[in-house]
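Worksheet: the structure to be examined is printed underneath.
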Amino acid sequence: MADIDKVTKQKVKHEVIKDPLTGAETTGHVWDDTLMEFNNPIPTWWLWAFYGTIVFTIAYFIMYPSWPTGLAEKGYLKGTAELTYKADIIKDGKRIVGGGEEITTHWNTRALLAHEMQNDPNELKRQEMVKTVAATPLASVIKDPQQSQFVLAYGKGIFGDYCAACHQAGGQGVIGHYPNLIDDAWLWGADSADIELTIRKGRKGNMPAHKASMTDAEIAQTANYVLSLSGESVDSAAAEHGKKLFNTKGCSGCHMPTGIGMKALGSANLTDKIWTQADVPAAVDAKAKVAAVKTIIANGFKREMPAWESRLSNDEIKVLVAYLKLLSAN
């Protein structure tokens, strides 16, 4: 009897059993008398696509950098794909793009970028336009719609890569740290040649602290005078004393007796209502404004802008200057 049941089960196992309600083919597995498992195999096209991903993965591992090897001298599998490009060089303190020897290396994103910048047709057109803009006087660039639009687009990329981290994406700067570049009030000179020199060589600016040479009352009086130079409401008696201190404690030596500043030193113009260090615009009342200026007079500050001539080409610097002038003009 047991042998007959075994044979019967084997026959049932190979029979095609369908669900009585839907008519769909099942695997023959039944639970609780009525619960059946449908037989829905993976579509053939999906299966071959899955096999294709396996083949792609193997090919990718062979061609491109992939798996770590754990060996100090290798680091990872470099792959068989190669790229060729010309290296940049620094000559006379200036970067020349693609001016060095030809380099062939394994595929990597840095090499790919260098290769595309030297061979991609669109990039070659951009570089040609950069040369054209760099060779054109700034006044002509501003008047030419095509060149000015190119400067605003291409210069934005350069500014974003090298300048925005400090001066912010829109060039508005951060009071107390980095100057605003869109107000057309340039500490080191607003002429295009001055701006180019600033970008090339960088700048170092500082104001000495006066808390050791002036009393708190004297600092407050000087702060009142400084605020009066730009038309702020101040204590007139304190400002009158502050004027004398301004001219005897060294302030006028950098900011000039009239307070208009000095381009050679990068000292701020105190008469134009543009504040680069003391956050006067954010002060809620006259007392807070005095306090903001007092902090700068008492503690002084130091700031430095790096030189970019070793990172940017001559043409890129020219485009960046034109971008900044257009940005401040707009």
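Scanning the stretch 218-234 turns up at least one residue that is surrounded by 13 or more Cβ atoms within 10 Å (Cβ to Cβ), under 17 Å from G176 (Cβ atoms) and among the β-branched types (V, I, T). Here the stretch 93-113 is the region considered, the condition is being touching a Lys or Arg at 6+ places or on another chain (Cβ under 8 Å) and without any contact (Cβ under 8 Å) to a residue 40 or more places away in the chain, and the residue that is nearest to L83 (Cα to Cα) is I103.
In the stretch 211-248, the residue that is nearest to A185 (Cα to Cα) out of those that are among the basic types (K, R) and touching a helix residue (DSSP H, G or I) at 6+ places or on another chain (Cβ under 7 Å) is K243.
The condition (being modelled with pLDDT of 95 or more and not aromatic (F, W, Y)) is satisfied by just one residue among Q168, Q221: Q221.
Out of everything in the stretch 139-184 that is of a type in the set (S, T, Y) and part of a helix (DSSP H, G or I), what residue ends up being farthest from T276 (Cα to Cα)?
Once the filter is applied, the top-ranked residue is S140.
If you go through the stretch 152-168 and keep only what is more than 15 Å from I182 (Cβ to Cβ), among the hydrophobic types (A, V, I, L, M, F, W, C) and in contact (Cβ under 8 Å) with a residue 40 or more places away in the chain, you end up with just I158.
Would you point out the residue of the stretch 290-330, among those that are of a type in the set (D, E, K, R) and not in a loop (DSSP other than H, G, I, E, B), that is farthest from the chain's Cα centre (by Cα)? Lay out the reasoning, then the answer.
Here is the first cut: in the stretch 290-330, the residues of a type in the set (D, E, K, R) are 294, 302-304, 309, 311, 315-316, 318, 325.
Keeping just the survivors that are not in a loop (DSSP other than H, G, I, E, B) gives 294, 302-304, 315-316, 318, 325.
Numbers: K294: 34, K302: 23, R303: 20, E304: 18, D315: 20, E316: 16, K318: 19, K325: 19 Å.
Checking each candidate, the answer is K294.
Filtering the stretch 227-250 down to residues that are outside any helix (DSSP H, G or I) and of a type in the set (S, T, N, Q), which residue is nearest to I297 (Cα to Cα)?
First pass over the stretch 227-250, keeping only residues outside any helix (DSSP H, G or I): 230-235, 249-250.
Then keep just the ones that are of a type in the set (S, T, N, Q); that gives 230, 233.
Details: S230: 16, S233: 19 Å.
If we take residues in the stretch 227-250 being outside any helix (DSSP H, G or I) and of a type in the set (S, T, N, Q), then S230 is nearest to I297 (Cα to Cα).
Of everything in the stretch 257-297 that's polar (S, T, N, Q) and closer than 21 Å to G173 by Cβ, which residue is surrounded by the most Cβ atoms within 10 Å (Cβ to Cβ)? Write out each step before concluding.
Start the filter on the stretch 257-297 by keeping residues that are polar (S, T, N, Q), which leaves 258, 267, 269, 271, 276-277, 295.
From the residues that got through so far, the ones that are closer than 21 Å to G173 by Cβ too are 267, 269, 271, 276-277, 295.
Details: S267: 20, N269: 20, T271: 17, T276: 23, Q277: 20, T295: 18.
Selected residue: T276.
For beta carbons closer than 8 Å, sequence separation of 6+ or different chains, a first residue in the stretch 308-329 that is within 17 Å of Q146 (Cβ to Cβ) and in the same structural domain as D144 (by TED's automatic domain parsing) and a second that is of a type in the set (D, E) and modelled with pLDDT of 90 or more, the qualifying pairs are K318/E196. Can we say Y64 is surrounded by 12 or more Cβ atoms within 10 Å (Cβ to Cβ) and not basic (K, R)? Criteria met by Y64.
For first residues located in the stretch 172-189 and within 15 Å of I260 (Cα to Cα) and modelled with pLDDT of 90 or more, partners that are assigned to a strand (DSSP E or B) and of a type outside the set (V, I, T) and lie 6+ apart or on another chain with Cβ distances below 7 Å form the pairs W188/R203.
Yes/no matrix, rows are residues, columns are (1) among the charged types (D, E, K, R); (2) under 20 Å from E304 (Cβ atoms):
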residue: H177; (1), (2): no, yes
residue: D183; (1), (2): yes, no
residue: D191; (1), (2): yes, no
residue: D194; (1), (2): yes, yes
residue: G202; (1), (2): no, yes
residue: M207; (1), (2): no, yes
residue: A212; (1), (2): no, no
residue: Q221; (1), (2): no, no
residue: L227; (1), (2): no, no
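The values are calculated or read from the model by the stated rules, or taken from the named source; none is laboratory data. This structure is a prediction, so every number in the text was calculated from the model and none was measured. Because the Cβ atoms are built from the backbone with ideal geometry, glycine has one as well, and the counts that use them run over all protein chains shown.
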